[in-house]
């Protein structure tokens, strides 16, 4: 059957774009429906600061008048300015948010996204990325047998074949690691932590919720320095810093987010959040009429199975040093204790981690964690 693909125009079509995922994924017990309000915010210029430095075009596919697929095509101007050997760079565009009833629809949508990127002067694609590298990058290729934690994607297994048959090959893998945290870490870690506690140069403190904006700024400043040479790095703008702090403050538990200081200077941070997806999976993407109250009550003192560590960083000048590893193990252990004793957690998840980030992989393996999910970013020359 002939497939017609058109750009999304207006609020009604944006609603159709968003709603399609809920119809196509309804039978997947491991898919966590995102809040519809969050999806509207993600895709609306003026509400998501990503649009301030990006060109975005959404497309819908129809067959016999019914919506049967969707895709986003987008270009991040900040990513274009990054060095080419770090993943992005000049001429690199993206597509993401792919949903399709079948492979024919998917291939037509990918081809349309590629055509739009060519029209914009792009010569290469990295995909899927939805929308920013800091949101949901990559296609799930391992670990679809259990739900994702918050801010991680989940995709039908057939998507991998669809993308690869469209001429894409692997550019980078992003890994998440899981670890039991209710039984403590190996004795070596305990000794490293105890040694760090005797070092008067090191001070660890929790995030100050009364000065949350200040501490969020400190963490992002360290992140921009620590990750600046990593594959796929794109710096945060001031607007994105403020936006992220506002979005994440309600789920930030003061005692499980830490900043480390060396001789009084902030040099490292670690964020750990209770897995919000354990609640969202029950809500079918809707806060109203009653889910908002349930969520607010839960956020007072979340009891969860999993805590996720989505981000950590150590200033570049300390990386690959024994001191950096020691600080990292201290933050991990302190956060583990609180997650278990105050929130009932038994499992931690770390990630994502670049598949060639030897330092972070070594830390993950030292505490006994193993890879539980792999997300793959593909590339193709246009």
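Angle check, please: helix 212-226 long axis (alpha carbons) against the longest principal axis of the chain (alpha carbons), in degrees 0 to 90, nearest 10.
Compared with the principal axis, the helix lies near 80 degrees.
Among 96, 368, 65, which one shows the biggest mean-square fluctuation in a GNM of the chain, springs joining Cα atoms closer than 10 Å?
65
Which of 324, 81, 364 moves most in a GNM of the chain, Cα contacts under 10 Å?
81
Cα-Cα pairs above 21 Å in segment 178-376: how many percent?
54
Please give the length that would be gained between residue 242 and residue 38 if that part of the chain were fully extended, namely 0.36 nm times their separation in residues minus their C-alpha to C-alpha distance (nm, one decimal).
71.8 nm
In square nanometres, what is the average projected area of the Cα convex hull of segment 283-382?
One quarter of the hull surface, i.e. the mean projection, equals 10.3 nm².
Given 20 °C and 1.002 mPa s, how large is the Stokes-Einstein diffusion coefficient of segment 4-174 in µm²/s, with Rh as the Kirkwood radius over Cα pairs?
Calculated translational D: 131 µm²/s.
Taking the Cβ-Cβ separation of residue 25 and residue 305 as r and a Förster radius of 25 Å, what is the calculated FRET efficiency to the nearest 0.05?
Once the sixth-power term is evaluated, E becomes 0.65.
Given 20 °C and 1.002 mPa s, compute D for segment 224-280 with the Stokes-Einstein relation, Rh being the Kirkwood radius over Cα pairs; round to the nearest whole µm²/s.
157
Who wins for biggest fluctuation among 55, 11, 336 in a Gaussian network model of the chain, springs between alpha carbons below 10 Å?
11
Using only the Cα atoms, what convex hull volume per residue in Å³ does the chain have?
Output value, Cα hull per residue: 135 Å³.
Round to the nearest 0.05 the FRET efficiency obtained for residue 263 and residue 12 when R0 = 45 Å and r is the Cβ-Cβ distance.
0.20
Could you calculate the contour length gain from residue 77 to residue 292, that is, 0.36 nm times the residue separation minus the distance between their Cα atoms, to one decimal place in nm?
Value of the extension gain: 73.8 nm.
Nearest-5 percent of antiparallel DSSP beta bridges in the chain?
Here the share of antiparallel DSSP bridges comes out near 90 percent.
Can you tell me the 0 to 90 degree angle between the C-alpha axis of helix 322-343 and the longest principal axis of the chain, rounded to 10?
80
Calculate I(q)/I(0) for segment 1-94 by the Debye formula, one identical point scatterer on each C-alpha and no solvent, and give its log10 at q = 0.11, 0.22 Å⁻¹ to two decimals.
-0.42, -1.12
Enter the angle in degrees (range 0 to 90, nearest 10) between the Cα long axis of helix 187-197 and the first principal axis of the Cα atoms of the chain, meaning the one along which they spread out most.
It is inclined by approximately 70 degrees.
Kindly list the residues of segment 162-199 that lie in the label zone of residue 370, defined by a backbone N under 19 Å from the point 7 Å along the Cα-to-C-beta vector.
175-187
Over 5 Å intervals from 0, what percent of Cα-Cα pairs in segment 142-192 sits in each interval?
4, 12, 17, 18, 14, 11, 9, 6, 6, 2, 0
Order these by the 10 Å Cβ neighbour count, fewest first: 286, 308, 112.
Going from sparsest to densest Cβ surroundings: 286, 112, 308.
Taken together, the values in this text are just the output of simple stated rules run on the coordinates, not laboratory data. Quick caveat: nothing in here was measured; it's all calculated off a predicted structure. Here the Cβ is made from the backbone with ideal geometry for all residues, glycine too, and neighbour counts use every protein chain on show.
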